[in-house]
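Encoded as C-alpha cells, the structure appears first; notes follow it.
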Amino acid sequence: MAKQFWKGSSLLAPVPAALVTCGTAESPNILTIGWTGIVCTRPAMTYISVRPERFSHDIIMSSGEFAINLSTPDMVRQTDLCGVKSGRDVNKAELCGFHLVPASQIAVPIIDESPVSLECRVTESKPLGTHTMFLAEIVAVAADERYIDSSGRLSLSQCGLIAYAHGEYFALGKKLGSFGYSVRKKKKHRRQSGERSKK
C-alpha cells in the first residue's frame, strides 16, 4: 500500500470533544477541549492543553483546578458553541442552558448534563509552544446514576459519547470488542442433565 509522507502535524484522531469547566460557582467558564487524555493510572492523571490567549488559560493557571465533562450527541451544539465563543463576552453556561452543580473535591463546578465529569487538580503546567499543557491528578469522578448498572459498574457505552476528528464531531459507533477479547477463551456450554446428545 502506497504512503504519502507529510511533515509532522496533529493528525491524531479521534479525540474527546470535552467540555472543561473552570473558575468558581460565582464566576464559572466553559471551554471545549480536544487535546486531552489519560497519562497515568495510579495515581489517575490527565492533561489538557490550552492556548495562552484563551480566557480560561489564566483562570486555570491561577486556581490550579478544572473539570473535564464528557459530551453526548444531545450536547454537541453546545460543545461547539463553547469552543467558538469566549467567556470574556458571554456566560456560556447560560447561553447553552447548562446547569452547573458543585463538584465534590474542587471549587470548580461541573456540568449536570454531562454523564461523566472528572475533577482535576493541576500538578504541573508546561508551555509547549502554541499551547500550555496542564498536567493534573483526577481527584474525583462524578457519574450519572442512570448509567450505573446493578453491579455498580459505569456503562460508558450507554452514555452515547461524542468524538472530534479533524474539525468534525462524531457519535461513537457500535461496539467492536472489549479489552482482551482477542485472547479470551470462549466459555464451554455444559449440557444440562437429562439432555440427550443428537447423533
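None of the figures in this text is laboratory data; all of them are computed from the coordinates on show. Being a predicted model, the structure only gives us computed values, none of them experimental. As a convention, Cβ positions derive from the backbone with ideal geometry for all residues, glycine included, and neighbour counts pool all protein chains shown.
Counting only other residues whose beta carbon sits under 15 Å from that of Arg54, what net charge do I get with K and R as +1, D and E as -1? Summing Lys and Arg as +1 and Asp and Glu as -1 gives +1.
The order of Val116, Val141, going from fewest to most other C-beta atoms within 10 Å of their C-beta, is Val141, Val116. Each label was represented as a point 7 Å from its Cα along the Cα-to-Cβ direction; for Ser182 and Glu124 these points are 3.1 nm apart. Summing Lys and Arg as +1 and Asp and Glu as -1 over all other residues whose Cβ lies under 11 Å from the Cβ of Phe66 gives a net charge of -1. Can you count the Lys pairs in the chain with C-alpha separation below 27 Å, eight or more apart or on different chains? Counting lysine pairs in the chain gives 19. Computed from label points 7 Å out along Cα-Cβ, the spacing between Asp74 and Ser104 is 2.2 nm. Per-residue ellipticity at 222 nm, computed for the chain from helices alone with -39500 (n - 2.57) per DSSP H run of at least four residues, works out to -3000 deg cm²/dmol. For region 134-146, take each phi angle, set θ = phi - 60°, evaluate the Karplus expression 6.51 cos²θ - 1.76 cosθ + 1.60, and give the result in whole Hz per residue in order, putting x for glycine and proline. Listing the rounded values in order: 9, 7, 8, 8, 7, 8, 6, 10, 10, 10, 5, 4, 4 Hz. Computed from the Cβ-Cβ distance with R0 of 41 Å, the FRET efficiency linking Ala165 to Ala143 stands at 0.95.
With a cut-off of 13 Å between beta carbons, the residues surrounding Lys85 carry a summed charge of +1, where Lys and Arg count +1 and Asp and Glu -1. Is the C-alpha gyration tensor of region 15-171 telling us rounded, prolate or oblate? Criteria: a/c under 1.5 is rounded; beyond that, a/b larger than b/c is prolate, otherwise oblate. In terms of gyration-tensor shape, rounded.
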